[in-house]
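Have a look at the structure below before the remarks.
Taken together, the values in this text are just the output of simple stated rules run on the coordinates, not laboratory data. This is a predicted model, so every value here is computed, not measured. Positions of Cβ are generated from backbone atoms using ideal geometry, with glycine treated the same way; all protein chains shown enter the neighbour counts.
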Amino acid sequence: MKILIAGASGAIGQPLVDMVVQEGHEVYGITQSKERALIIAGKGARPLILNVLDREAIFSSIASLKPEVVIDMLTHLPKEYTPESMRAAAELDAKIRREGGANLQAAAEASGTSRYIVQSSGFCNWSQARLAAATVFKANKRYSGRLGLIKALIML
């Protein structure tokens, strides 16, 4: 399956790239820099250096790529989650999620993408989330853990 991951070089994007590459999918990853593109390429995916706020570039890239699945992991969060750093990042993070995510979703719909998966911006207690994931996916251990729900959605 051809899968495009926006935010592929981020904290959740990187293990997600690892997972879908290991599953044998053809994976493309959007990032904003050449340095981060090297991380994506090193994981066996094909990097795309794009600004998700550039609507034309996103539409053009997705139209030519024609992915079956688009996964939106877009964020602009700081490396350390202090109150000050979170406040400083909030405006651009919101813009990237809202405007960039809207560009990504509209381009995916226009290109005929069959699945669009977007991450939530909420934070949770992972011990409770693991319990919920284990309950929902207990029949199939392939779908447990932090990335299990995304994996299950890809495989639908």
Highest first, please rank the peptides 83-95, 3-15 by the mean number of other Cβ atoms sitting within 10 Å of their residues.
3-15, 83-95
What residues qualify as long-range amide H neighbours of residue 28, i.e. H under 5 Å apart, gap of 5 or more or another chain, H built at 1.01 Å from N?
3, 4, 5, 46
Within the stretch 1-39, list the GluC sites (Glu not before Pro) lying in a DSSP loop whose Cβ has at most 14 other Cβ atoms in a 10 Å radius.
23
